[in-house]
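Bear in mind these aren't lab numbers, they're just calculated from the coordinates by the rules spelled out. Bear in mind that the values here come from a model prediction, so they are computed numbers and not experimental data. Neighbour counts run over all protein chains shown; Cβ positions are idealised from the backbone, glycine included.
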Amino acid sequence: MTMLAAIMAPLDWVVIIGYFCLLGAVVVFTRRKQDTSQDFFLGGRSVGWLAIGASIFAANIGSEHVVGLAGSGARAGLSQAHWEFHAWVLVLMAWVFLPFYYKSGVQTMPEFLERRFGSKARWILSLVSLAAYVLTKISVTVFAGALFFEVMLPELSFTIAGYTISSFWVGAFTTVTLAGIYASFGGLLAVVYTDLVQTGIILAGSLSVTYFSLSKLAEKAGGTSLASGWTLLKTTIKAKPEVVDAWSLWHPLAHPSFPWLGVVVASITIGVWYWCTDQFIVQRMLSARNLTQSRRGALWGGFLKLTPVFIFLVPGMLGYALHQHGIISIPLDKDGLMESDKVFPTLVISLMPVGFRGLVVAGLVAALMSSLASLFNSVATLFTCDVYKKLNPGVSERMLVHIGRVTTVVMTGLGLVWVPIMKMVASGGLYQYIQAVQSFLAPPIVAVFLAGLFWKRANLRGAVWGLGLGFILGMLKLVINALFRTGSPDSLMFKIANFQDFYFSGILLIISCLIVAVASLSAPAPDEKAINGLCFSTLDETYRKENRESWNWVDVVASLVVLGLVLSAYIYFWTWLS
């Protein structure tokens with residue numbers, strides 16, 4: 001396996017180098033003066049829907065998807081698919097949340113909360129979001145990408161002063177540095193337009209893995225079409241009833257990892273938080289030249305969001321079948337279980353022909369770079385606009401751009417510090433780790449945003465208590481999970497640590513909503529003039545007219561297509577093994 005990983009044909013390197021040249025050309029082409037914070041953080045609000053949708057997809061598809069979701073497919077089948085059928089949430093974003101954000105003219109989500117509630121709510125969400133980026137997005141993205149380098153390019157390791165630096169850390173630091181350079185160089189505009197290119201590379205590379213994996217299974221089945229490979233996959237799964245049960249789309253309420261009720265509540269909560277309230281995603285839509293382009297960008301991103309199940313999760317399932325038939329050999333851990341996070345790299349080095357291997361590596365690097373660059377820009381936006389600018393209200397626009405660039409370095413360092421800790425915590429796989437952590441962070445944020453938009457009685461006290469207490473409860477669960485997963489079964493801490501994470505997410509959502517409601521009712525109602533246009537019940541006719549003029553039949557049809565495709569996927573995979 002190591003020898004195969006070390007042999008990258010010249011054509012593979014040509015493809016990889018060509019990718020970096022193309023990336024550099026796009027960055028230079030999109031380079032523009034970064035004199036104001038709006039230029040640097042929102043691309044001067046000049047981006048079209050095609051680039052916005054591609055950027056949403058590329059930002060979302062980080063290396064944790066390429067590595068983690070494929071590993072989840074090999075270990076748990078379709079159990080994680082619910083989080084990847086979130087295209088419908090982007091339709092919700094396009095029609096419900098986005099008009100409020102875009103019309104308010106804000107640069108960040110915490111700024112929107114300040115408009116709706118007050119400055120304390122802005123401070124809390126800013127700090128919670130920055131913590132969430134370190135705990136999940138930055139560290140997981142770097143860790144997953146480094147894992148891929150460790151398996152694919154072990155020859156990058158070197159020894160200095162008697163210490164061996166593995167390819168894991170070489171890959172981690174190299175990609176972080178490169179992503180930081182071009183994110184700082186061109187701001188959001190460079191990030192968005194490089195994402196447009198990288199989306200094509202990610203799709204081409206990952207689809208080629210699916211194709212060659214299916215082809216190998218088809219050869220094993222003695223067939224000539226990809227359909228015969230798909231049939232053999234289903235036959236392989238059905239041969240082991242325990243695998244059928246473990247890989248189902250739905251699981252019983254008592255299932256230790258994926259009880260259907262917990263999955264539904266947690267996945268929807270995470271979906272609304274991630275796609276509708278998180279700066280990381282929403283910032284792309286705020287960069288549009290108008291509301292029409294912003295909405296269509298969200299819908300285009302929703303269409304692209306349908307693909308991860310088929311280009312990452314399905315290859316993981318195919319990897320399991322190929323391993324069972326002796327076509328590939330996936331490394332096993334000390335307990336004899338498949339090392340799920342090495343499934344995708346093993347598929348690449350075992351199956352991909354010359355040239356295509358370089359394409360897949362370029363796709364992985366594209367996923368890693370696009371997510372990191374997007375993260376850097378979002379972190380810089382949050383800290384600069386919601387923390388530094390609030391503390392220094394008279395600061396110049398040029399200084400804001402400079403602070404934004406410096407912030408990326410600091411947050412990246414914190415993310416790297418968390419990587420070794422996360423390596424111990426993420427024993428169930430990268431993708432399961434990130435969903436568990438997000439299920440603790442999302443509920444209070446979702447509760448506050450929903451209350452802000454749909455209940456005009458919600459006020460600053462409700463938002464502050466909801467965000468503050470909700471975040472504390474979520475972090476307590478995370479810490480207890482890390483410290484007390486093992487121990488005496490009779491201890492309270494052990495019971496809390498082993499209480500099903502997704503059920504906890506649902507309970508935390510209910511508790512957060514109750515806190516917001518009770519705290520809001522204990523203080524005077526907000527002035528309706530102050531929240532005009534920031535809540536559904538305070539919209540005036542001018543606002544409604546402008547919103548109506550921003551869409552037509554094209555947007556309606558696009559929304560119905562995305563919803564129809566999500567429904568079709570659910571219907572097929574619900575019964576595909578029966």
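Structure note, pairs 240/342; 137/220; 137/216: Cα-Cα distances above 29 angstrom occur for 137/220; 137/216. Entry note, the chain: the mean residue ellipticity at 222 nm calculated from DSSP H runs of n ≥ 4, each adding -39500 (n - 2.57), is -22500 deg cm²/dmol after division by the residues and rounding to the nearest 500. Estimated at 0.36 nm per residue, the fully extended path between residue 494 and residue 160 surpasses their Cα-Cα distance by 115.9 nm.
Taking a ≥ b ≥ c as the square roots of the eigenvalues of the Cα gyration tensor, the stretch 219-261 is classed as prolate, since a/c reaches at least 1.5 and a/b is larger than b/c. The count of lysine pairs in the stretch 430-578 that are at least 8 places apart or cross chains, and whose C-alpha atoms lie under 25 Å apart, stands at 4. Projected over every direction and averaged, the convex hull enclosing the alpha-carbon atoms of the stretch 279-408 yields 12.3 nm². Kirkwood Rh over alpha-carbon pairs of the stretch 482-545, then Stokes-Einstein at 37 °C and 0.692 mPa s: what D in µm² s⁻¹, rounded to an integer? Estimated via Stokes-Einstein, D reaches 208 µm²/s. Highest mean packing comes first when the peptides 299-311, 71-83, 192-204 are listed by Cβ atoms within 10 Å, giving 71-83, 192-204, 299-311. Direction-averaged projected area, Cα convex hull, the chain: 27.6 nm², rounded to one decimal.
For the pair residue 238 and residue 104, label points projected 7 Å from Cα toward Cβ lie 5.2 nm apart. In the chain, excluding the sites themselves, the longest stretch lacking any of the GluC sites (Glu not before Pro) that are in a DSSP loop with at most 14 other Cβ atoms within 10 Å is 1-527. For the Cα trace of the stretch 438-578, dividing Rg by the Kirkwood Rh returns an Rg/Rh value of 1.13. Model label points for residue 245 and residue 525, set 7 angstrom from Cα along the Cα-to-Cβ axis, are 5.5 nm apart.
With the simple spin-label model, which puts each label point 7 Å out from Cα in the Cβ direction, the residue 561 to residue 538 separation comes to 3.8 nm.
Taking 0.692 mPa s as the viscosity and 37 °C as the temperature, the Stokes-Einstein diffusion coefficient of the stretch 214-346 based on its alpha-carbon Kirkwood radius rounds to 183 µm²/s.
Orientation-averaged projection of the stretch 197-269 equals 7.2 nm² [convex hull of Cα atoms, one quarter of hull surface area].
Once the C-beta distance of residue 514 and residue 119 is scaled by a Förster radius of 35 Å, the resulting FRET efficiency is 0.90 to the nearest 0.05.
For the stretch 516-563, the square roots of the Cα gyration tensor eigenvalues, ordered a ≥ b ≥ c, give a/c of at least 1.5 with a/b no greater than b/c, which places it in the oblate category.
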